[in-house]
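Contents: one structure, followed by commentary.
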Amino acid sequence: MTPKINPKKTKKQRQYLRNNMTKWEVRLWNDLKDKKMLGFKVRRQYGIENYIVDFYCPALKLAIEIDGDVHYFDEKVKKDKKKNETLNTEGIKVIRIENLDFEEDYESVILYLEDKFRDRAKEFKIELNDEL
């Protein structure tokens with residue numbers, strides 16, 4: 001069964017999150033939008049079932065979550081674990097990146113994501129024309 005995408009019940013929350021992105025979400029979005037990541041379409045604040053992921057590439061079933069300080073609290077850790085498990089059962093791979101990683105070395109995070117996109121494309125047998 002395919003997951004319910006952008007359900008109506010999360011619409012207002014998705015809109016709110018798109019209009020109130022963190023500085024790292026804004027910066028990363030500038031590097032992901034308009035198919036800048038290896039030619040793949042990426043969406044922001046995307047609803048899957050009852051969850052909203054920060055960024056999602058439908059072609060690769062790849063979700064990117066940016067975790068700030070709130071993600072260290074026990075209750076949030078439990079919710080994130082459940083979210084990951086649910087998305088994984090739908091065949092969606094979740095990548096979690098901490099704000100601190102962006103602050104320490106933004107360019108390395110972008111290179112890391114490029115590797116993850118390449119790996120996932122190989123899994124799906126999608127040819128990339130970006131080999132340098």
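Derivation of every value follows stated rules applied to the coordinates shown; laboratory data play no part. Here the structure is a predicted model, which means the values were calculated and not measured. FYI the Cβ positions are ideal-geometry reconstructions off the backbone, even for glycines, and counts take in every protein chain you see.
The table that follows gives values for the structure above.
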quantity: Antiparallel bridge percentage (DSSP; both residues within the chain; nearest 5); calculated: 60 percent
quantity: Computed lengthening from N20 to N50, 0.36 nm per intervening residue step minus Cα-Cα distance; calculated: 8.8 nm
quantity: The chain, helix-only ellipticity at 222 nm - DSSP H runs n ≥ 4, -39,500 (n - 2.57), divided by all residues, nearest 500; calculated: -15000 deg cm²/dmol
quantity: The chain, dipole about Cα centre (Lys/Arg Cβ +1, Asp/Glu Cβ -1), debye to the nearest 20; calculated: 1140 debye
quantity: Length-normalised contact order of the chain in % [C-alpha pairs under 8 Å, at least 6 apart]; calculated: 21 percent
quantity: Antiparallel bridges, percent of DSSP beta bridges restricted to the range 26-84 (to nearest 5); calculated: 100 percent
quantity: Proximal charge balance of L62 [Cβ under 9 Å; K/R count +1, D/E count -1]; calculated: +4
quantity: Greater than 19 Å apart at Cα, pairs in K41/K116; K23/K83; K35/K116; calculated: K23/K83
quantity: Rule-of-thumb Rg ratio for the range 8-123 [Cα; 2.2 N^0.38 Å; N residues]; calculated: 1.02
quantity: Partners for K78 among lysines (Cα-Cα distance below 19 Å; same-chain residues under 8 apart left out); calculated: K93
